[in-house]
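Taken together, the values in this text are just the output of simple stated rules run on the coordinates, not laboratory data. Model, not experiment: these values are computed from the prediction. FYI the Cβ positions are ideal-geometry reconstructions off the backbone, even for glycines, and counts take in every protein chain you see.
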Amino acid sequence: MPIALLFFLLLTCTPTHVEAKGPHLTLRNGQNETVFQKEMREEQCFGIRFIHSVAKSPVEDWYCIHEADLYLEKTIYEDFGAGLPHNADPGQRMHFEKGKIVIDGFHRKLPEFTVRVGRIAEHTLLFPQDNGQHQEIALKKLATPGSPLTFTLER
């Protein structure tokens, strides 16, 4: 078989379909350098937990991937405090779950958002695991406390 024909067959018969990767949750520091990246799936969620500056109790904000976009979905906290919602807006639901206040139904699309890593707030990134626990990543390990981290979803 001539080499040209063999080369032609290899090119035309080799599968060219490459499975598309999911979007990546990307965190960039104030210098726009990527400091964290994780592939996400449709409907996968992650949280950011921090200690509220007044109530001194944990607050969790939860974000989910819908149609390759990032959405704020719910907030969970133990005590009312400055800046925390105290009632549900139309389309949202406020209820109690395991002794905590949960407000869900935000479904607010966020092209990106920035968190200034707290010096006392102990900001922690949360990824749910199959065992009911969370993989936890302290944001102070990704950026100096006091500096910004911008969250985006990149395709």
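Rundown of residues vs (1) surrounded by 12 or more Cβ atoms within 10 Å (Cβ to Cβ); (2) part of a strand (DSSP E or B); (3) in contact with a strand residue (DSSP E or B) (Cβ under 7 Å, 6 or more places away or on another chain), yes/no style:
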residue	(1), (2), (3)
E43	no, no, yes
E60	yes, yes, yes
L72	yes, yes, yes
A88	yes, no, yes
Taking the conditions exactly as written (small (G, A, S) and in a strand (DSSP E or B)), does G81 satisfy them or not?
no
Out of F106, F127, I need the residue that is closer than 27 Å to E39 by Cα, surrounded by 11 or more Cβ atoms within 10 Å (Cβ to Cβ) and free of Cβ contacts under 8 Å to residues at least 60 places away in the same chain. Which one?
F106
List pairs: first in region 73-100 and free of Cβ contacts under 8 Å to residues at least 60 places away in the same chain and farther than 21 Å from K56 by Cα, second surrounded by 14 or more Cβ atoms within 10 Å (Cβ to Cβ) and among the aromatic types (F, W, Y), Cβ under 8 Å, 6+ apart or cross-chain?
E73/W62; E73/Y63; E73/F106; Q92/F106
Determine, yes or no, whether I76 is touching a Leu at 6+ places or on another chain (Cβ under 9 Å), in a strand (DSSP E or B) and among the hydrophobic types (A, V, I, L, M, F, W, C).
no
